[in-house]
Structure formats: structure tokens, C-alpha cells
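The values are calculated or read from the model by the stated rules, or taken from the named source; none is laboratory data. This one's a predicted model, so the numbers in the text were calculated from it and none came from an experiment. No Cβ is skipped: glycine too gets one built from the backbone with ideal geometry, and neighbour counts run over all protein chains shown. Note: accessible area is taken over every heavy atom of the protein model, side chains too, but ligands, DNA and RNA are not part of it. Shrake-Rupley method; radii C 1.70, N 1.55, O 1.52, S 1.80 Å.
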Amino acid sequence: MEKTVKVLDHGEVTLVDWFGSDERIADVARGSYKNGTTRVSTDEQLIRYLVRNQHNSPLEFVQVIFHMKMPIFVARQLVRHRTIKMNEASLRYSEAPDEMYVPEGSQCGPQSTSNKQGRASADSINEAIIASISRSHIKDASINARNSYKLILGNNTSREISRIVLPVSQYTEMSVSWDLRNLLGFLKLRQDSHAQWEIRVYADAIYKLIEPLFPITVAAYNDYIRNARTLSSMEQKLLFSLADIQTDIPSESYATDLGMSKREYTEFCDWLNSNRKQ
């Protein structure tokens, strides 16, 4: 099983350890029933029910630990979720590594007109030229900052003061511990196309490492969270108005082919019948 995924130019995500499994999640959930009940569902059925209905506390009994190496500005996007335990390497105690993130020219596009916090691709020749120039400036600034850092250190200035000239492109390292519930919440936000590309590739690396560990839970996450869409009451009304649903509901066998359980199909039919036009 793969333990390390390389990311960006110098980064990586390493799976250090984990506690628990799909079976652990199912067993914890069944602990709510105790005596007087029977095991009527498989682990897969139970976990999919939990994730679909957001009964998430059993997922908190699974822990995953990573060692991550990333630019400081990416690390800031990681810790702002406030759902992790982490310990970051200190540049007060050790000298900063000679590693700074320099994006490829393809990642130095103009400000997006549709996403105020994101970038657009450099599609035109002029935009590609500007992107190349911007990348050169980023690289030069990183080299200059590194040289200043070395000069300040060479003057016997303390490491804790010398580090303040380093840019947010400087790589840092940290150990990170998540419970699976909050880890999947992080992935939901950071694998989204609206997230910054650099944090997305780290989220994708984490996903790649945990998928073999918890295949049932990750599959449920894909079906009910990552690839799902919550419809507002207005969107539901618009959907029914556009579809003008008066036809028969698709058969249970068709729903089964799509991967729906009998319970899901029944609940969907109840919802549809209660909302369709009279």
C-alpha cells in the first residue's frame, strides 16, 4: 500500500499511522442499540446509512496521522479548519530548508472574473507571457529572500529573528492527526473546484492514501457528500416546475442498478410523491 504521495515541487503527504476501520465504525454505531436488538444490517449498509443521514459520531472513533510537507500559505489553509491536532516544525530551533514553492507558469494565470478569490487559466498568448514573467518574479523573490536569510544568519542573528524575512512560499513540515469525520469534512471543502489548486492537490493526496483504509466509508462519502448536491426548497420547487413531474417513478430495479438501497428508494419515492404537482 502506498504510504507517501509527492505533491507540488518539494511537498509530500505521508501516511504515518491510523486507528480503526470500516468495521470499527459499524461496531461503534451498533453500540447504540445494545441488548434487545439484532444485527440486521451489513457493515456496508449501516455505514452508508450513517453517512447519508449525517449520523457522524461513529466516524470520530477512527483516527489518521499524516506527516505533511507544504508551503506556509498552504499550511495556513489547512489549520484554519480548526478540526485537527497538529505539531509544526519550528524555525526557532532549526534552520529553514532551502525549499520554496515556485508555481508552474500554467498556475500563474490572471484573476478569475467569476471567482473573486481564485485564478483563471492563461489562455491567450499575452496572458501566457505575463504568467511566465510573473513566475520569474516569484522565483527571483524567493532566491532573494533565501539569500537575505542566509546573510542574517551568517551575522549570528538568532534563527527566530532571521526567519521573518522568509516568504509564505517557504516549505514547512508538520504532523497532523484527524478523526475521520472531520477529515472527510476537510476533503469536501478542499477537493472542491472552488478551492485553491495548491490545497486541492494536497486534499487529493490525502484522499488517495485513506481510500484503501476505509473503502466502504469513502465510497459512501463519494455518493452522499462529495458528488451529492443539497437542494434548497426554492431549487426543489424550480426542479418540479421545470420537470412538471406527472410520469411514473422509475422502478426499484433501475434504482438498484444505480446503487440505491431499497430504503433509499422508498424514502425517495415518499419525498417525490409528497412534492409532485397535484
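Can you pull out the residues in region 153-173 that are hydrophobic (A, V, I, L, M, F, W, C) and open to solvent by 50 Å² or more (accessible area, probe 1.4 Å)? Give the steps one after another, and end with the answer.
Here is the first cut: in region 153-173, the residues hydrophobic (A, V, I, L, M, F, W, C) are 153, 161, 164-166, 168.
Residues satisfying the conditions are ILE161, ILE164, VAL165, VAL168.
Does region 111-139 hold any residues that are open to solvent by less than 80 Å² (accessible area, probe 1.4 Å) and either part of a loop (DSSP other than H, G, I, E, B) or among the acidic types (Asp, Glu) (or both), and which are they?
SER112, ASN115, GLY118, ALA120, SER121, ALA122, SER124, GLU127
Taking ARG263 as the residue in question, decide whether it is at pLDDT below 95, open to solvent by 40 Å² or more (accessible area, probe 1.4 Å) and either assigned to a loop (DSSP other than H, G, I, E, B) or among the aromatic types (Phe, Trp, Tyr) (or both).
Numbers: at pLDDT below 95: yes; open to solvent by 40 Å² or more (accessible area, probe 1.4 Å): yes; either assigned to a loop (DSSP other than H, G, I, E, B) or among the aromatic types (Phe, Trp, Tyr) (or both): no.
For ARG263, the condition - at pLDDT below 95, open to solvent by 40 Å² or more (accessible area, probe 1.4 Å) and either assigned to a loop (DSSP other than H, G, I, E, B) or among the aromatic types (Phe, Trp, Tyr) (or both) - is not met.
If you go through region 160-202, how many residues are within 15 Å of ARG92 (Cβ to Cβ) and touching a Leu at 6+ places or on another chain (Cβ under 6 Å)?
The number of residues fulfilling the criteria is 2.
Looking only at region 142-155, how many residues end up being under 35 Å from the mean Cα position of the chain (by Cα) and under 15 Å from GLU99 (Cβ atoms)?
6
State yes or no: is ASP98 modelled with pLDDT of 90 or more, acidic (Asp, Glu) and assigned to a loop (DSSP other than H, G, I, E, B)?
Taking the combined requirement at face value, the residue satisfies it.
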